[in-house]
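Laboratory data are not the source of any read-out in this text; all were calculated from the coordinates shown. Keep in mind the model is a prediction, meaning the values are calculated, not measured. When we count neighbours, we look across all protein chains shown, and the Cβ atoms used for this are built from the backbone with ideal geometry, even at glycine.
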Amino acid sequence: MIDRMGRLAALVSTALLLAACSSPADPGDEPEHLVAVVKDRHPADTGSFTQGLEMAEDGTLYVGTGWVGQSRVYRRTVDGEMLSSRDLDASFFGEGITRAGSSLWQLTWRDGVAIQRDADSLEETARVPLSGEGWGACSRGDEVVVSDGSNELRRMDPETLTERSRFEVTRAGQPVTGLNELECVHDDIYANIFLTTDIVRIDATTGVVTAVIDASGVPNNAAPDPNNVLNGIAKIPGTDEFFLTGKRWPDLYTVTFEPED
Ligand SMILES: [Ca+2]
């Protein structure tokens with residue numbers, strides 16, 4: 001009897017250990033819940049309808065902005081000093097940006113093109129077709145990942161932005177739509193969910209959402225307007241911190257993503 005109990009206890013502890021070690025990326029699993037905790041606040045620009053945010057290795061920020069007649073891309077310091085800026089064609093609605101090698105890609109929303117720029121000067125170097133809508137972009141390894149507001153992400157060639165494949169993003173087996181601004185961090189892709197204060201962390205290989213980050217505690221001090229939502233996420237290289245901002249937000253926040261209490 002004691003032996004059987006002992007074996008049973010061993011089996012139970014093995015099962016618990018296996019459960020604890022099971023991958024959080026199993027497609028049916030509910031994702032981990034995290035919260036965005038504000039660590040610092042920096043100036044942003046209420047004239048920027050922010051659509052893309054990324055930090056360069058030298059610590060400066062790339063910002064891509066939207067709205068017809070107001071779209072541009074610029075490089076600034078964290079303190080808000082403008083380093084360089086380029087306007088888009090007045091008819092274009094700018095969207096996500098991402099650096100890939102010596103290029104900076106800038107998407108347009110429904111104009112059917114993406115613009116390749118020199119990452120230092122921001123000068124346009126090429127213009128390529130972009131099918132469907134362009135929303136967010138981020139770079140990882142040998143690919144640029146592009147969102148279009150649906151539950152699908154596209155994998156693009158980083159030199160030509162031609163599509164190689166696409167994959168669906170799911171949370172506990174269900175599609176996640178509204179994927180907007182992106183940030184690639186190793187094997188994860190972070191995405192703002194359009195019109196919400198949620199950010200999802202996506203397994204870049206499988207499309208499975210492994211964490212949902214509640215950013216509702218990050219103050220939105222933009223003028224009251226349904227358009228002025230959270231949009232813009234950038235990893236701060238060499239740290240576990242991120243920048244978050246939004247469309248026409250006066251603030252840029254340093255945040256960490258921490259387990260819910
Ligand atoms: Ca980003």
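Details
- Spatial separation of Cα centroids for region 74-91 and region 207-233, in angstrom: 22
- Of all beta bridges that DSSP places with both ends in region 159-261, some 95 percent have antiparallel geometry.
- About the centre of its Cα atoms, region 52-177 shows a dipole size close to 320 debye [charges on the beta carbon of Lys, Arg (+1) and Asp, Glu (-1) only; nearest 20 debye].
- Degrees, to the nearest 10: 2-21 long Cα axis against longest axis of the chain: 0
- Among residues other than residue 178 with Cβ under 13 Å from its Cβ, the summed charge is -4 (Lys and Arg +1, Asp and Glu -1).
- Antiparallel content of DSSP bridges confined to the chain, in %, to 5: 95
- Ratio of the Cα radius of gyration of region 92-217 to 2.2 N^0.38 Å, where N counts its residues: 1.01
- When peptides 61-71, 32-42 are sorted by average Cβ neighbour count within 10 Å, with the highest value leading, the order is 61-71, 32-42.
- Under a 5 Å amide H cut-off, with hydrogens placed 1.01 Å from N, residue 53 pairs with 64, 97, 233 among residues at least 5 apart or on other chains.
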